[in-house]
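Reviewing the structure listed below.
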Amino acid sequence: MSTAILHTTELDLDLSDARLEAEFSIPPNALGFVIFAHGSGSSRHTYRNCDVAAHLQSVGFATLLFNLLTRAEEAQECIEPRLRYDVPFLARRLVLAVRSLQQHPAIQGLRFGLFGGSTGATAAIIAAAQMPELIDAVVSRGGRPDLAGDALRRTLAPTLLLVGGWDDATLQANRAALSLMRCEKHLEVIPQATHRFIEPGAIPRVAELAAAWFQTHLARPPLPSRASIVTPTDRSLSTP
């Protein structure tokens, strides 16, 4: 476990259609960069996401926790929930966010991974299929990969599916999806855990498994500068 000082910064991600609040953390000599995609009912402040991110940081990974919705959109969701369940919309936001990060100097040479929960996990799989040149690994916590459509077969990034043993419907959906995926994949069942992984020891186990997956697939020799990768538009990361 790393004892080095962690540098954390509050950021604004300026996208073509939104300005999103984010928290960027990076340890010295980072092994890789993990972007979190939160699902319905979660945010970058939800303890489940923060606990997993803290563990990844402790073993050497840079992380980005951000909200896929703006404050105005979140306020509207309280009245009429819609966008939090719109997986194609969430995937598009995630793609824009990742592309906005690729020129950030602090993460040049690092491999990118996605960690998604619930609907955010489905969005992560779709985003990985759309960005094979950028995403090197995906971890899904309690997600529904079967709802990713054709992206399920097109995703090249090694994908770890984490499901609670007491979450029968999600477990069945993940088993069905596993047979359709052509990338390196693995399904891990967390015993005595429900969909939200609120049981004692469930989130720590998720964090350990995610860290091991990212260590295998992200902590490899450095890549050329991400800034050299051609993308449809040039979007940069802004800081307050």
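List, please: which pairs have Cβ atoms under 7 Å, are six or more places apart or on different chains, and start with a residue in the range 57-77 that is small (G, A, S) and end with one that is part of a helix (DSSP H, G or I)?
A62/I107
Can you find even one residue in the range 213-230 that is in contact with an Asp or Glu (Cβ under 7 Å, 6 or more places away or on another chain), under 26 Å from A97 (Cα atoms) and modelled with pLDDT under 95?
Scanning the range 213-230 turns up at least one residue that is in contact with an Asp or Glu (Cβ under 7 Å, 6 or more places away or on another chain), under 26 Å from A97 (Cα atoms) and modelled with pLDDT under 95.
When A177 is evaluated against the numbered criteria (1) more than 17 Å from V95 (Cβ to Cβ); (2) under 17 Å from the mean Cα position of the chain (by Cα), which criterion, by number, is the only one it fails?
A177 satisfies all of (1) more than 17 Å from V95 (Cβ to Cβ); (2) under 17 Å from the mean Cα position of the chain (by Cα) except (2).
With (1) part of a strand (DSSP E or B); (2) in contact (Cβ under 8 Å) with a residue 60 or more places away in the chain as the list, and V138 as the residue in question, which single condition is left unmet?
(2)
Is there any pair with a first residue in the range 91-106 that is more than 18 Å from L152 (Cα to Cα) and a second that is assigned to a helix (DSSP H, G or I) whose Cβ atoms are under 6 Å apart and which are 6 or more apart or on different chains, and what are they?
Note: pairs meeting the criteria are Q102/R226; Q103/A227.
Sort out for me the helices (runs of 4 or more DSSP H) sitting completely within the range 62-132 that have 1 or more residues that are under 11 Å from the mean Cα position of the chain (by Cα) and on the phi < 0 side of the Ramachandran plot.
Correct list: 87-101, 119-130.
Which one of these is surrounded by fewer than 19 Cβ atoms within 10 Å (Cβ to Cβ) and of a type outside the set (A, V, I, L, M): G120, G165?
When all the criteria are applied, what remains is G165.
The values are calculated or read from the model by the stated rules, or taken from the named source; none is laboratory data. Small disclaimer: the values here were computed from a predicted structure and weren't measured. As a convention, Cβ positions derive from the backbone with ideal geometry for all residues, glycine included, and neighbour counts pool all protein chains shown.
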